Each structure stands twice: as structure tokens, then as C-alpha cells.
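Reading through the C-alpha cells given below for one structure.
Computed from the coordinates by the stated procedures, all read-outs in this text should not be read as laboratory data. Worth saying up front: this structure is predicted, and the values here are computed from it rather than measured. We place every Cβ from the backbone using ideal geometry, glycine too, and count neighbours over all the protein chains shown.
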């Protein structure tokens, strides 16, 4: 398994993104599927989540997952959900150090945010609908309510379908670009496209978040990553964000 783990050593903020290898799931979810709602064996998913967490030095029981629905609702959490029915949200924020927030994707843009000074982190699921709805500004607002300052926020976006591959109808591109012009794109073969990650970074820039990096990986192009647009029935990658306990 390759887990791309970027520790911001001076601040104690950790950002990590998985690829698809090193788990126990069978075809078509091979191997490290971390999504529990895609048809995979639930026991395999739990095993994979334990493998990924332990590789990062995390307790699998202290990772917060979401029931993602392409909306803009954000939940403030201080521990894993205590009810079987996880509420439908597309972002979580916490002021609890050592608690890891996770986001699942298979083409959408995973957005990880941290203000180490305030001790606040956030994880957001930004697909095309969520980016348009404003999940990223909503997440930053929720972090601000916990004391975060956008100028201190460190932002990392993970593997996602790129703007040269995400083909959409012309009308859809126009609708997205009307909300976020930076998301306007064109495929490498000359048809209308949307660049969700570019839209996310433009939104973060407008919010005052300056420290930003994005993964160079396009999920549709990379066979080391899951892509819903490429394979339809497939697994899910995960991004993790947490702060070291002081």
C-alpha cells in the first residue's frame, strides 16, 4: 500500500491520501476499498480501514467517517458517531487534537484543512454539485466558528478527476462556471469539461486561504486509484486529516 502522508512537521498537522493497493477487497473493489456503501463486503471494508489507519499510526476506532450526499452540510464532531445512522453531511470539522477526519472519493476532490494554531481541522467532499453548492466555504466558516483563521489554514486537495478528463454537457459547464469561473475547462479532446479542483482552489483563495497544494494525480488516468467515471462499480479512496496531540 502507498499512503501519501504529508506531515507538516512544524505544526503537527497531518494530511494523508490513499491509493487502491494493499487491502483485502476482491475484484472489482481491489484492493484497499475504504467505502462502505459501494457493494463491497463490509468485513473487507472494516479490515481495509484498520490497515490504512494503522499504517498512519491512527486508532481505527478514532477515525470519523461521513455519509456523503453531495450537499453542503457540515458537522462539528468531537469523536466518532455514537449512533448507527451517520447523518448525511459532506464535511466535518473538529477542535479535538488526535481525532482524524476522513473523506471518501473516487473522482471528487477531497479537501483537507488545518489551522494548527487554533487546533482546528476540517475534511470536505467536493464533487461538482458540492463545489457549486458551497461545501468548501461552509467548511471554512465552520472552522472559523471554532477559532480558525483562513490566513493560517493549510489546505491540501487529493487525487481527483482532472479538468482535461471530466467531460460534461455544455449547459452543465456553463452552469458551473456561472458559480465558479475557475472551474470552466475543456477536455484534451476539445469538448466541454469541468475542473472541480481548480474551482475548489479558487474558492479557498477567495476565502483567504493561501497555503494550498493539490495532488498531481488524475483518478481517471491513474490505474493506481479508483475512478467512478472510468469503472462505475469500484472502490473509494480516503483522505485523512488530524493534528498531533499536544
Taking 7 Å along the Cα-to-C-beta vector as the label spot, tell me the residue 62-residue 179 distance in nanometres, rounded to one decimal.
3.6
So which residue, out of 69, 196, 121, gets the largest mean-square fluctuation from a GNM of the chain using Cα contacts under 10 Å as springs?
69
Between residue 55 and residue 171, Cβ-based FRET efficiency (R0 35 Å, step 0.05) works out to 0.20
Helix-only [θ]222 nm of the chain, DSSP H runs n ≥ 4, -39500 (n - 2.57) each, per residue, nearest 500
-6500 deg cm²/dmol
For a quick check: sort 72, 144 by the number of other beta carbons within 10 angstrom, fewest at the front.
144, 72
Simple spin-label estimate for residue 213/residue 21, 7 Å along Cα→Cβ, in nm, reads 2.1
Quick check on the exposure proxy: order 70, 62 from fewest to most C-beta atoms within 10 angstrom.
62, 70
Shape call for the stretch 64-134 from the C-alpha gyration tensor, a ≥ b ≥ c root eigenvalues: rounded (a/c under 1.5), prolate (a/b greater than b/c) or oblate?
oblate
What FRET efficiency, computed as 1/(1 + (r/R0)^6) with R0 = 35 Å and r the Cβ-Cβ distance, is obtained for residue 188 and residue 151, rounded to the nearest 0.05?
0.45
Residue 46 versus residue 82, label points 7 Å from Cα toward the beta carbon: distance in nm?
2.1
At a 10 Å Cβ-Cβ cut-off, how would you order 111, 200, 24, fewest neighbours first?
24, 200, 111
Hey, how many Å between the Cα centroid of the stretch 134-165 and the Cα centroid of the stretch 80-111?
13
When the chain is treated as a GNM, springs tying every alpha-carbon pair under 10 Å, which of 41, 149, 115 comes out with the largest mean-square fluctuation?
41
